[in-house]
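Scroll down for the structure; my scribbles are underneath it.
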Amino acid sequence: MFGPFERAVAGRYLRARRGERFVSVIAIFSLIGIGLGVATLIIVMAVMNGFRADLMSRILGLNGDLTIYGVTRSITDYENIAKEVAAVPGVRSVTPLIEGQVLLSAGNWNSGGMVHGMTRQDFQNLKAVSGDLIDGSLDKFEGDGIAVGVSMAEQAGLTLGSAVTLISPNGAATAFGTVPRMKTYHIVAIFDAGVNDYNKSYVFMPLASAQVYFEKPGQVTQMMVMTNDPDNARSIAKTISDTLADPRIRVLDWTHSNNAFFGALEVQKNVLFLILTLIILVAAFNVISSLIMMVRDKTVDIAVLRTMGATRGAIMRIFLMCGASVGVTGTVAGTIFGVVFCHYIDNIRQLIERMTGTALFNPEVYYLVHLPARLIWSQVLEVIVMALTLSLMATLYPSWRAARTDPVEALRHG
């Protein structure tokens, strides 16, 4: 497409002589602008992808991909139902549990909390919690033994063996009204789930103890289902509903309970993509201005080339190569910088924190203890294609204008 003649002339034009430095400086800034735009887009998209994946793994690891509810907030024949659900293709595990809200009290500390009652084996299988025990073990997770989060333990001054009183408003009815149900439990384990809300408000207790406390003998309030593919949770939920065929049972996938949250993340990612694309667009306009100035500066050269036999197509290809060189070089440099930055992004965060002495990400606000970045190569390719397309489109008008130059008029006024 580009012959030796066009490449030689384009390379000569890109190496500015004395008096032509201003055009060269504009081209350099255009190259830097395209590179920064590409790098910023790749980094921001990777961080958003990592943020979504990290939150998704933590939230789904704690709440499950699917939740099976009873219409009356209780499921009686839960063991047989769990076996039926576990046999559905795509289901990894089924965890029957009791969930209930309580008031937690320890000394002068009081706070609302959420109780999850499950068997010791199911709790051990819940690796998002049991896999990160700060203190204690699950050997004594029975009777009045409970597990609490590290944030709750720090706020209330709790340690292993500390007593915590659980108060439920759904107590026994007496002649004087409803008396809240109260029972004291002892801490046998302290966990770090990686999500501050869970660490400061969730309590895990043995299923048998929860059934007694919430007065649900032989019952559970829900069943947490883990799947092999969370993105396919909706179709698995439909299969489970068809398999159970029980109007008293409801199956909800994670997209229902967290749809607004993850939807907001997706909208934010798309908006950031559009906004940051403007950086590349501005750099593309710089390419247009630098090429137009180059065409005006090289008008006499163009006329001489035309009189020597260069066709309009050859002239157009020369300036296309000039603009394309800026766009391609900027895109390649930006892609390399963005990918390398994403690879070392958490190390860079730690370096900045050590230099400034401040925490960039408060876990209580951002749910993060590190800065995640997940490169999706199809998105990187989209950014590259978009940057190349914009930069190449920016060269079309100046190149066409150069090709339309009348050699007679140019030499007359030159």
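The values are calculated or read from the model by the stated rules, or taken from the named source; none is laboratory data. Please read all numbers here as calculations on a predicted model, not as lab measurements. Neighbour counts are summed over all protein chains in view; Cβ atoms, including those assigned to glycine, are modelled from backbone coordinates with ideal geometry.
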Filter result for the condition that a residue is touching a Gly at 6+ places or on another chain (Cβ under 8 Å), of a type outside the set (Val, Ile, Thr), modelled with pLDDT of 85 or more and within 19 Å of Gly149 (Cβ to Cβ), over Tyr202, Tyr198: Tyr202
Can you pull out every residue in region 127-149 that is among the small types (Gly, Ala, Ser) and touching a residue at least 60 places away in the same chain (Cβ under 8 Å)? Ala128, Ser130, Gly143, Gly145
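This table checks each residue for (1) closer than 17 Å to Ala39 by Cα; (2) among the charged types (D, E, K, R).
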{"site": "Lys269", "(1), (2)": "yes, yes"}
{"site": "Asn286", "(1), (2)": "no, no"}
{"site": "Thr307", "(1), (2)": "no, no"}
{"site": "Thr311", "(1), (2)": "no, no"}
{"site": "Met316", "(1), (2)": "no, no"}
{"site": "Phe319", "(1), (2)": "no, no"}
{"site": "Thr329", "(1), (2)": "yes, no"}
Run down Gly313, Gly334 and say which single residue is in a helix (DSSP H, G or I) and either without any contact (Cβ under 8 Å) to a residue 24 or more places away in the chain or under 23 Å from Thr40 (Cα atoms) (or both). Gly334
So the strands (runs of 3 or more DSSP E) completely within region 182-273 holding 1 or more residues that are touching a residue at least 40 places away in the same chain (Cβ under 8 Å) and closer than 13 Å to Asp65 by Cβ are 222-227, 249-253
Cys342 meets each of (1) buried (at least 18 other Cβ atoms within 10 Å of the Cβ); (2) modelled with pLDDT of 80 or more; (3) farther than 26 Å from Met45 by Cβ with one exception, condition (3)
